[in-house]
Amino acid sequence: MKSRIITVLICIFTFVCGALGLTACNGGGDDNENNGGNNGGTGDLVKPEPPQKPEPPQEDKPLEKVTYSRNGWGTTCTLKSFNDKTAESFEIPAEYNGWQVTAIGESAFKDCAELKNLTIPESVTTIADEAFYSSGLTQIVVPETVAFVGKNAFTECRNLTSLTVGGADTSVGRFYNCPALEEITAPSEIMRVLQAVYSPDDRDCLPWNIKKLTLTSGDVPDYPFTASGDNLQIEELVLGKDVAYVGENAFALNNVLESVVIPANVKKIGAGAFGGCAKLFSVIFEDGVEEIGARAFDGCKQLGEITFPDSVVRIGDGAFSHTALKKAEIGKNVTFVGTAFSGCELLEEVVWNASSCGTSGSPFAGSSTDGMTLEFGRDVKYVPARLMEGAVNLYEVKFDENSICESIGFNAFAGCQNLIYGIELPSTLKVIEGGAFRASGLVAVTIPKNVTTVGLNALDCPKLVEICNNSALALSDFAQNVYPGNTPHLSKVYSFGGFVFFCDESQSAVNPNWYLMGAVGKPHESGKLVLPSEVKTAEGIRSDNYRIYAGAFSGRQESSFIIGDCVTSVGKNAFCDYFISNENMRDGTESGTGLPLSIEFKGTSSKWRGIAADGWANCSYGGFEIVCTDATLKIKLQDGVVKYV
């Protein structure tokens, strides 16, 4: 029995060992088969399982107290936070851990009060909301690659003094409470952003202390500050090479801007662009500027000199009105000038080179209180209509000795009361259009030989007494074109000592009447005009007495006159200061501006009363006096007529 049990156990042990051996043999045969297969065997290869994709980073990876976050499965990342609150400077790397840094995250540098300097690489395209909120930055350059800047990105950066924006997104300007900001460099659209952040209730909302603004590209928008009703007060303005247009009222009412250069790339300056800039004294136009809009520099009371390049073709209405210009030189390519220089009281000299130019209104009406000259360049073929209409103090007009001028336009010199003897018409002249010298102070005129047309009222001048006619026209052809009642003579006007006299021999050739027609040239600096004590011409003609012609000193700016005893009569309106502009003013029944008047007469009061009847002056509101050798006559204007009181 015992031996049987042992036999069974042996059998079981033998079976198990055999089974184990078979398994071992099969396993070893497989390995050899893969290897053999590799050496030409026929066994199947066992393919390894593919590697599992790593999970995306669940936590930010710290690097020197700066955290970044990978943007999805791409190759870029965002700077999420800057945690070193004591750092004073930092340069954002263009790449971190093989990922390109393309964004600055929301509030990434918020409250980094010690951070003064920061460099942003060109790899960055996005700056999120409040990225630098309340940081200590003193200056920042946002590269051109940045296409988006979030809200309040630079708000409360109270130490920020300089901001440069390279890209097209100027919303970087959406900053509040940056009171130290003095310099901005950005595309022109920044102007609208600056206006948008302004709050009338809190001037700190706008960087009001900006001293320098550089606009790098794009057109400067029209009316950028309309909504706020107030403009930036910029001390220095730089217009970049990619700015082509300066918008309407863009920099108007800037009371600290003193100078500006308009570069060649700016083709047009909009209406009112620099209007009312009280301290602007220097404007330089580079060759390339084509159009200066209406009122562009109106009211710039310190602006005393302008040179227009040949590129300028259009100067709008009121472009330089009420400025301190002393000289205006109009280029040869200008095709239109509006009422551009009206009210320029200091204007002394105008040089006109525009060969063919149109006008609207009178470009120089109301200009010059001290006297003005006008010089035409050689190539001026046509004097524009109304060019000097109402320029009361124009006293001299010169044409180039080689002038090719053929025509003087309608009302070109109408109302130029001080133009009495100061024009010599060019020999090439053919046409004098209607009203050309109407109501001017012209006393004598020489008509060149080539003139074929003299328009209606062209020589309707109250003081015109001499027409020297060298043309084929008959003197009778001028009858309808002269002042009613005037009978023009030939070669009877003389000029000496700054005065013009007319010798009237119509009554007596032996004892003619001499008339003082007025003074030539600019008003006397002292404001006092001493009339001649006798007539003594260069031709040797003498007379001990003369008459003061009607309206002789009308329009002059002197307010004090010394009149000798040689005067035998004073014509009506002799000292009247007004611009004859319509029919009902010709008889002197209406008075004008009424300058203060002072007259000293070197004769007796009774003689003065005899030579100057009521209505002789008709010129001053209120009262004035005439000091004679024996008494002082007090004068008062009553109902438009001068009375002795």
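The values are calculated or read from the model by the stated rules, or taken from the named source; none is laboratory data. Every value quoted in this text rests on a predicted model; they were computed, and no experiment measured them. In this analysis, Cβ positions are derived from the backbone assuming ideal geometry, glycine residues included, and neighbour counts consider all displayed protein chains. Heads up: the accessible areas ignore ligands, DNA and RNA and are worked out on the full protein's heavy atoms, side chains in. Shrake-Rupley method; radii C 1.70, N 1.55, O 1.52, S 1.80 Å.
Side notes on the structure shown:
- Length-normalised contact order of segment 95-156 in % [C-alpha pairs under 8 Å, at least 6 apart]: 36 percent
- Global form of segment 233-280, assessed from the alpha-carbon gyration tensor, a/c cut-off 1.5: oblate
- Taking a ≥ b ≥ c as the square roots of the eigenvalues of the Cα gyration tensor, segment 284-323 is classed as oblate, since a/c reaches at least 1.5 and a/b does not exceed b/c.
- Distance between the 7 Å Cα→Cβ label points at K528 and K151: 7.4 nm.
- Placing +1 on the Cβ of every Lys and Arg and -1 on the Cβ of every Asp and Glu, with no other charges, gives segment 91-181 a dipole of roughly 260 debye about its Cα centre.
- Rounded, prolate or oblate (a/c below 1.5 giving rounded, otherwise prolate when a/b exceeds b/c) for segment 211-305 by Cα gyration tensor: rounded
- For segment 388-429, the calculated P(r) over all alpha carbon pairs, in 5 Å bins from 0 to the bin holding the longest distance, is 6, 23, 28, 25, 15, 3 percent.
- For segment 298-448, the relative contact order works out to 15 percent when only alpha carbon pairs closer than 8 Å and six or more residues apart are counted.
- Accessible area of I92 in the full protein assembly, 1.4 Å probe (Å², nearest 10): 0 Å²
- Packing-based order for 115-124, 436-445, 512-521, using average beta carbon neighbours within 10 Å, highest first: 436-445, 512-521, 115-124
- Computed label-point distance, nm, for sites S282 and K449 using a 7 Å Cα→Cβ extension: 5.2 nm
- Summary value for segment 203-343: 16 percent relative contact order, contacts being C-alpha pairs under 8 angstrom separated by 6+ residues.
- Filter on K279/K528; K212/K332; K279/K326; K268/K398 - keep pairs with C-alpha separation over 23 Å: K279/K528; K212/K332; K268/K398
- Pair-distance distribution P(r) for segment 103-160, from all Cα-Cα distances in 5 Å bins starting at 0: 5, 22, 31, 28, 12, 1 percent.
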